Amino acid sequence: MAAHPRYQGVFPVVPTIFKESGELDLPSQKRCIDFMIDAGSHGLCILANFSEQFSISDDERERLTREILEYVAGRVPVIVTTTHYGSLICAQRSRRAQDLGASMVMIMPPYHGATIRVPEPNIYEFFSIVSDAIDIPIMIQDAPVSGTTLSAAFLAKMATEIANVSYFKIETPGAASKLRELIKLGGDAIEGPWDGEEAITLLPDLEAGCTGAMTGGGYPDGIRQIMDPWFAGNRDQAIDAYTRWLPLINYENRQGGILSAKALMKEGGIIASDVSRHPFPAMNPAVRSGLIETAKRLDPLVFRWGK
């Protein structure tokens, strides 16, 4: 792992942009990428759940990975989500992402549907198989959507024993306590203890020692206003910024969800359409209105960049 930089900062999830017809909209996708970099993202994550990866075909996944990495062209590091139930397929996806230029892969533990889960020894083997296939870091996404309990002790064990497992996006209840325990148990093997969930728990997670935040993509500039002073040692300024941005963070996390970043980008003229793919439900118009109103009070770059 010494050959890789230690990634930290704001690494928001890139939404996948569709036309009204449901087809990929690559010109809007590229404008989205440019905006997110200009808004201060230290890096990007593609094909995550907030990218609606569950609505994308394998061919589209390949195309998006290739075209986005080519378009970013090293301006910032890019994390590619390669989650799959099958160990071999996840390893192949991860190797392909590395070959195309990914800086890291993000993976949830293997699961399927509401009931198919995998015991710890098999999860350990799963991440070992993926690690053996690549030379870049693996971020384990510890999120309720997988329905899989990953204890801090088990995560630390994988970090210390599996070569490329070194980053952890903690999105479970009590994230700050879990981050503290993970850092304590894993020591230097925990290269990246990260926050997720749109930054709704960012301040306590920073207090616990997190070094990165994977948020929604609509306002990286706002998240930077929290994290920059924190890492500069100005705790009071970071708390003030968190207090200002928290209503919008809360709106995204608890109301608008996955479609929030696209709604903000559409309102700002960055992308042509903010639709999702059927059968994912559209955002309630009243929620969208509240999201936009809440965001406009903060004057984020998303409303000015495309003008």
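Coordinate-derived values only; no laboratory data. These numbers come from a predicted model, not from an experiment. Cβ coordinates were reconstructed from backbone atoms using ideal geometry, including for glycine residues, and neighbour counts include every protein chain displayed.
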By count of other Cβ within 10 Å, fewest leading, how are 252, 23 ordered? 23, 252
Which pairs break 31 Å Cα to Cα here: 178/296; 169/296; 30/157? 178/296; 30/157
Amide H contacts of residue 212 (H built 1.01 Å from N, under 5 Å, at least 5 apart or other chain): 9, 195
Counting only helical runs of four or more DSSP H residues, what would the 222 nm mean residue ellipticity of the chain come to if each run contributes -39,500 (n - 2.57) and the total is spread over all its residues? -13500 deg cm²/dmol
Wrap a convex hull around the Cα atoms of the chain, take a quarter of its surface area, and give that in square nanometres. 14.5 nm²
antiparallel share of DSSP beta bridges within the chain, to nearest 5, in %, is 10 percent
If you average the C-alpha positions of segment 265-297 and of segment 71-119 separately, how far apart do those two centres end up, in angstrom? 28 Å
Can you list residues whose amide H is under 5 Å from residue 104's amide H, if they're 5+ apart or on another chain and H is modeled 1.01 Å from N? 78, 80
The exposure ranking of 260, 57, fewest beta-carbon neighbours within 10 Å first, is 57, 260
Here the membrane-span-like helices of the chain, with no claim about any membrane, defined by DSSP H, Cα axial extent at least 27 Å and mean Kyte-Doolittle at least 0.0, are none
Which percent, nearest 5, of DSSP beta bridges in segment 1-122 are antiparallel? 20 percent
Counting other beta carbons within 10 Å of each Cβ, put 201, 215 in order, fewest first. 201, 215
